1. Confirm whether Ala274 is more than 16 Å from ligand 2 (Cβ to nearest atom), touching a residue at least 12 places away in the same chain (Cβ under 8 Å), in contact with a strand residue (DSSP E or B) (Cβ under 6 Å, 6 or more places away or on another chain) and part of a helix (DSSP H, G or I).
2. Got a number for residues in the range 277-296 being of a type outside the set (A, V, I, L, M), touching a residue at least 40 places away in the same chain (Cβ under 8 Å) and surrounded by fewer than 24 Cβ atoms within 10 Å (Cβ to Cβ)?
3. Return yes when Lys357 is modelled with pLDDT of 85 or more, under 30 Å from Ala185 (Cβ atoms) and in a helix (DSSP H, G or I) and no when it is not.
4. Tell me which of these Thr127 doesn't satisfy, since it passes every other one: (1) more than 16 Å from ligand 2 (Cβ to nearest atom); (2) more than 30 Å from Lys408 (Cα to Cα).
5. Given the options Ile434, Ile461, Ile502, name the one that is without any contact (Cβ under 8 Å) to a residue 40 or more places away in the chain, in the same structural domain as Leu525 (by TED's automatic domain parsing) and among the hydrophobic types (A, V, I, L, M, F, W, C).
6. Filter the range 189-217 for residues that are assigned to a helix (DSSP H, G or I), surrounded by fewer than 18 Cβ atoms within 10 Å (Cβ to Cβ) and touching a residue at least 40 places away in the same chain (Cβ under 8 Å) and give the result.
7. What pairs come out if I take residues in the range 94-114 that are within 23 Å of Leu137 (Cβ to Cβ) and acidic (Asp, Glu) and pair them with residues that are within 16 Å of ligand 1 (Cβ to nearest atom) and assigned to a strand (DSSP E or B) whose C-beta lies under 9 Å away, six or more apart or interchain?
8. Conditions: (1) of a type in the set (Ser, Thr, Tyr); (2) within 16 Å of ligand 2 (Cβ to nearest atom); (3) under 23 Å from Val352 (Cα atoms). Ser283 meets all but one. Number of the miss?
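The values are calculated or read from the model by the stated rules, or taken from the named source; none is laboratory data. Just so it is clear, the structure is predicted and the values come from calculations on it, not from any experiment. When we count neighbours, we look across all protein chains shown, and the Cβ atoms used for this are built from the backbone with ideal geometry, even at glycine.
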Amino acid sequence: MVVFGGKKVGQSLARIGGNGVGQVLVAVAAALLVRLFSGPGPALLPENEYSSGDDDEQKDAAGDSDTTGEALVPDKVFPVTIRWRNITCSLSDKSSKSVRFLLKNVSGEAKPGRLLAIMGPSGSGKTTLLNVLAGQLSASPKLHLSGLLEVNGKPSSNKAYKFAYVRQEDLFFSQLTVRETLSLAAELQLPEISSVEERDEYVNNLLFRLGLVSCAESNVGDAKVRGISGGEKKRLSVACELIASPSVIFADEPTTGLDAFQAEKVMETLRQLAQDGHTVICSIHQPRGSVYSKFDDIVLLTEGELVYAGLARDEPLEYFSNLGWYRCSDHVNPAEFLADLISIDYSSAESVNSSRKRIDSLVESFSQRLSTIIYATPISGRKDSKNLKKTIVKKKGDWWKQFLLLLKRAWMQASRDGPTNKVRARMSIASAIIFGSVFWRMGRSQTSIQDRMGLLQVAVINTAMAALTKTVGVFPKERAIVERERAKGSYALGPYLLSKLIAEVPVGAAFPLMFGAVLYPMACLHPTLSRFGKFCGIVTVESFAASAMGLTVGALVPTTEAAMAVGPSLMTVFLVFGGYYVNADNTPIIFRWIPRVSLIRWAFQGLCINEFSGLEFEHQHSFDIQTGEQALERLSFGGSRIRDTVMAQSRILLFWYCTTYLLLKKNKPKYQQLELPPQYHQIPPKLLQLEPLEPNLPPPMEQDKSPQKLESPPPPPPLDPFNLEGAK
Ligand SMILES: Nc1ncnc2c1ncn2[C@@H]1O[C@H](COP(=O)(O)OP(=O)(O)OP(=O)(O)O)[C@@H](O)[C@H]1O
Ligand SMILES: [Mg+2]
């Protein structure tokens, strides 16, 4: 169709491009195409994570080893300690001129080999804090974020270390099995493991570690087809994130939606990962007692403020009891006790008042004591990093390998999606039967000319709408998966889009072919085999062009619902200028470009030429239409060829694909930058070093598992008693 390379591309596309706007589109498409398909191998490491500008930081964080563009061998975990001080996140509302604090002066630290839980009532800022620590807080002009974040003793951000973020929502390709999902992820993210045996062993190891062996061959599934359980999905998410061998694992509410047993299994997995040397930080709502006992450290937040940060288990209970609150009795889940202690009771005005007073006092007490609160374990950082074996392998971008892997995955997803394919097949056949019955065996009378045009128009609309709605219904979700994978630097956009286009050809072509095969004989359209073949070819190309338009819509808007609203509306514009309702010659001059970019118009024109040329109609008067060519003249389609219309469709398809490419490239998620708090403005950033929360600890040493006791605070101010059921 298109010869790639230099002038030839431009010339051949210009020929199919017509003039005016068409040529501009062709020029843009050609330029993008050349860029898309002839560029060098992809930048495997995402710009926002391992950009060259941060080389120094990376070296520092990785114990002065050169980590730019490199991946640690999977089973080595580089220890990372994160400290944060005075994190404040505010949300300003310009209309009411008010400022709301989502986080206020939050400090704390997370260490390798330890599981830190961020706990607090709903809306207390757990996810916000987790996002800030992971550098993943979505940017917004209303937000203001300040504070200090330090990684292994250096002011830094997430760019300095590898991290995994297990989100609340688990997104996967539903038709792949657990093993296939992991295996493909490993192939994409770890090209250095080239032998199949090694990779299988690596995947088996992951399946074993995450307790996924029993469901390894089950499909992941989705809302339509039941697959693995929620807990298994969550563990698969963790497994996929572990492939990049992250130092830090962030998990947002990993137990939400799971039953107590599954929740415990997921948390046990996270605990084991912490024991393997990862720094694990998770937000959690209200864990059961056995889950609570797995935490090494906790951060308690309420309304964005810190109530406690330090060792977990009995320490916070002792701390609050020393503050003068009732002690949590042995048969009460400590997590519930803490949740009740730091939640506002909205049952009555008095209870709101008293609980707010209690919380204010707790926040106040903790802020006074923040500098003396002790995390029992010292940092195991620099020393370890020196000993870290430099088993580092360069990641190599292999465009074709990525393309083939993605093609395999896209094909598995498209071909195995039985329920969707069945519905699409049934709908294609049913609409063909309905149209075939309405336009049953059209003769050659004068009135059949209008019928033919009407039938061809509805065939075109039906094909375009079916392809468009299917794509806009599925793509926004797939886009979210692709964005996550691309954020990890798994692959480039070019191979992804090309593989998607190619993998969907056989499945996508099957439905227009079914439609044509049923409709054509029923309506008795131009009865030759070659015309039938061309009919099917035109509707198939149109279907792909409509799908490509659906991809653009899906890449443009954030949700499936929005895509469902925008897609058909946009198609309606193309439909109005589709050649049937408004004659191309009568189109107002400012809208003349629309028919040129309307896939409906080109498909309709192609089908009309295919149908009418060579046909003779019964006629009685001299002004009657006698030949098909005359009918085409009336539609202003005279003098053009089917080939031209198919080329125009292909050009439109290409245009939508290139636009999708650009949109996906441009619409990368943007994250809020952490600014220096005002009190640190005088200090040059290089000299900024956070004091450890434990002031008198000697520098690096072995991890000490025996917790140090908190100092007893001074007696608390007199407050209303806090009553918890079960508490003495
Ligand atoms: N970008 C934002 N714009 C407006 N409000 C926000 C934004 N991000 C967070 N918030 C608000 O900040 C508060 C804290 O949100 P966050 O999601 O961190 O709570 P959470 O503790 O994780 O709650 P949950 O347990 O329900 O998940 C909420 O009241 C939320 O509405
Ligand atoms: Mg949350």
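1. Criteria met by Ala274.
2. The qualifying residues number 8.
3. No: the conditions fail for Lys357.
4. (1)
5. Ile434
6. If the condition is that a residue be assigned to a helix (DSSP H, G or I), surrounded by fewer than 18 Cβ atoms within 10 Å (Cβ to Cβ) and touching a residue at least 40 places away in the same chain (Cβ under 8 Å), then Arg209 is the only one that fits.
7. Taking only residues 6 or more apart or on different chains, the pairs are Glu109/Trp84; Glu109/Leu116; Glu109/Ala309.
8. The failed condition is (3).
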